[in-house]
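Chemist: Mind having a look at this structure? Questions to follow.
The values are calculated or read from the model by the stated rules, or taken from the named source; none is laboratory data. Note that the structure is predicted; figures quoted are calculated from it, not measured. In this analysis, Cβ positions are derived from the backbone assuming ideal geometry, glycine residues included, and neighbour counts consider all displayed protein chains. To get the accessible areas, we keep the full protein, side chains included, count just its heavy atoms, and leave off ligands, DNA and RNA. Shrake-Rupley method; radii C 1.70, N 1.55, O 1.52, S 1.80 Å.
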Amino acid sequence: VVLEQFTGMDQLEKQLASLFGIDRCLIVSGNSDEQEKVISEFGVLVEEALRRELPDGRNIIAVMGGTTMAEVARHVSPLETAKRHNLFVPARGGIGEAVAIQANSVSALMAANAHGEHRALYVPEQLSEEAYHTLLKEPAIKSVLAMIKEANCVVHSIGRALHMAARRKMSEDEIIRLKQKNAVAESFGYFFDENGAIVHKVPRIGLSLEDIQKMPMILAVAGGRSKVKAITAYMKNAPKQTWLITDEAAANEILKGN
Ligand code: G3H
């Protein structure tokens, strides 16, 4: 019940979910571009969604990085029950983020706050493709990768393509190619154009977009007017079981333009 009480934006949520053809949409009032507390409220909704929707038994929750996810992780509280045990893993490794917002750090924080278990993926963020292939043969890395592939839930954000490319220090050439291909959104290390088509992928390890197609529970968390294009583009081809957690500013703008 808390989810409904919390947002109280039934109509907007239904319209947005129907626009994207997804299972559910949760909207926090305000604009996360201007009000930090809106992102904390995303965290409260993520926690509530996990509490309500995760099945009993053993869950593997894959967590992506970014500033939104780092804030979300801070607001998760214990999710363990006598019947339910949660293991948190980073969803992907090596996409070039700073330490505090890497999927490894964010999933560790979420695990600690949720009183769950955590497995890190010990692969540096900046590494050549050749070195990656060698590391992939390491047993400790292989076993965490196997867990990631078994995840039944993923929590991730959606970013603006060129902003993400610059933040992750992608090369000039790559940035030029992203511009030529009209990339507007980024998620999971994939870049998308306005139609939601993949125009570039960062060849790194962990969950692929293909892996998430059949995942039972997917929470996508992103808001703010600045992310309207990115959210709209990514959500066009997002798996139907995705729940979008966003804010009023983004929701109104998306609905206005569609
Ligand atoms: O993949 C998307 C990005 O992680 C979003 O990053 O939350 O810092 O905007 P952000």
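Chemist: Given Val154, Val144, which one is surrounded by 16 or more Cβ atoms within 10 Å (Cβ to Cβ) and away from the ligand (no atom under 16 Å from the Cβ)? Explain how you work it out, then say what you get.
Modeler: On the way: Val154 fails: away from the ligand (no atom under 16 Å from the Cβ).
Matching residue, one of Val154, Val144: Val144.
Chemist: Among the residues of the stretch 113-141 satisfying the criterion of being open to solvent by 20 Å² or more (accessible area, probe 1.4 Å) and in contact with an Asp or Glu (Cβ under 8 Å, 6 or more places away or on another chain), which is farthest from Pro78 (Cα to Cα)?
Modeler: Top of the filtered list is Glu125.
Chemist: Out of the residues in the stretch 169-197 meeting the condition of being closer than 27 Å to Ile60 by Cα and in contact (Cβ under 8 Å) with a residue 60 or more places away in the chain, tell me which one is nearest to the ligand (Cβ to nearest atom).
Modeler: Out of the qualifying residues, it is Ser187.
Here is a yes/no grid of residues against (1) closer than 25 Å to Ser107 by Cβ; (2) buried (at least 16 other Cβ atoms within 10 Å of the Cβ); (3) touching a strand residue (DSSP E or B) at 6+ places or on another chain (Cβ under 7 Å):
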site	(1), (2), (3)
Ile198	yes, no, yes
Val202	yes, yes, no
Asp211	yes, yes, no
Ala249	no, yes, no
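Chemist: So, in the stretch 213-251, of the ones that are hydroxyl-bearing (Ser, Thr, Tyr) and farther than 19 Å from Val155 by Cβ, which residue ends up nearest to the chain's Cα centre (by Cα)? Steps first, answer last, please.
Modeler: Residues of the stretch 213-251 that are hydroxyl-bearing (Ser, Thr, Tyr), as a first pass: 226, 232, 234, 242, 246.
Next, from what is left, pick out any that are farther than 19 Å from Val155 by Cβ: 226, 232.
On the way: Ser226: 17, Thr232: 15 Å.
Filtering the stretch 213-251 for residues that are hydroxyl-bearing (Ser, Thr, Tyr) and farther than 19 Å from Val155 by Cβ, the one nearest to the chain's Cα centre (by Cα) comes out as Thr232.
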